[in-house]
Every structure is written in C-alpha cells, then in structure tokens.
Amino acid sequence: MAVTKLDLTGLKCPLPALMTRKAMKMLAVGEYIEVRCTDPMAVIDIPVLVQQIGDRIDCSERSGDVMIFVIQKMNAAIANDD
C-alpha cells in the first residue's frame, strides 16, 4: 500500500488542517495519507476535518511532540475543485 506523506511539522493552526484538506482532494478513494504535525491544536483540528469531509482516520499516534495521523480517503465527493 502506497501512502502519501505530508510533513506539516512546525506549522501552526490553521495551516495543518487547511493543507491536509487540500492534500486529501488529490487522493483517489481508498488511498491513504500520513500527516505529521507538531501544532497542539492538530489533535482536535485534524479529526474534526476528517469527520467533516467524510473520510476516516485509520490510526493516530504521538511520538514526542509529533502527532501522526494515517487517513484513508473514503468520500469521492471531496474532489479537486481548485
């Protein structure tokens, strides 16, 4: 399984959520993205974003200051509309 990696360490709210949403638009249904963040608000913002757009967090973990989310794209309606 290929996983797209998105390193957002060092970025502050709201950038991690905004950049995650943009990256999710580029994925096909069933694909995964691994998002790494250091912003403390990401622990709230990323799960809320994923729920709002209809995708799924496959797993999440914390390694020191870094939060890692593995998200699976489930919703075809969120397409690249930029």
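The values are calculated or read from the model by the stated rules, or taken from the named source; none is laboratory data. On a predicted model such as this, the values are computed, not experimentally measured, just so you know. Neighbour counts run over all protein chains shown; Cβ positions are idealised from the backbone, glycine included. Accessible surface areas use protein heavy atoms only, side chains included; no ligands, DNA or RNA. Shrake-Rupley method; radii C 1.70, N 1.55, O 1.52, S 1.80 Å.
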With label points set 7 Å from each Cα along the Cα-to-Cβ direction at Met41 and Arg62, the distance between them in nm comes to 1.8 nm
Once all protein chains are kept in place, Arg62 shows an accessible area at probe 1.4 Å, nearest 10 Å², of 150 Å²
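Using the heavy atoms of the protein chains alone and a 1.4 angstrom probe, what is the accessible area of the chain per residue in square angstrom? Walk me through the intermediate numbers first.
Values: 4800 Å² over 82 residues.
Per residue, the chain has 59 Å² of solvent-accessible surface.
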In the list [x] 11.2, 33; [y] 11.6, 36; [z] 11.2, 30, the entry giving Rg and Dmax of the Cα atoms in Å computed from the coordinates is [y]
So the angle from the long Cα axis of helix 15-25 to the longest Cα principal axis of the chain, reported in degrees to the nearest 10, equals 20 degrees
Within the stretch 43-72, the residues whose backbone N lies under 17 Å from a label point placed 7 Å from the Cα of Lys25 along the Cα-to-Cβ direction are 49-50, 52-55
Under the helix-only model (-39500 (n - 2.57) for each DSSP H run of 4 or more, divided by the residues of the chain), the mean residue ellipticity at 222 nm, to 500 deg cm²/dmol, is -8500 deg cm²/dmol
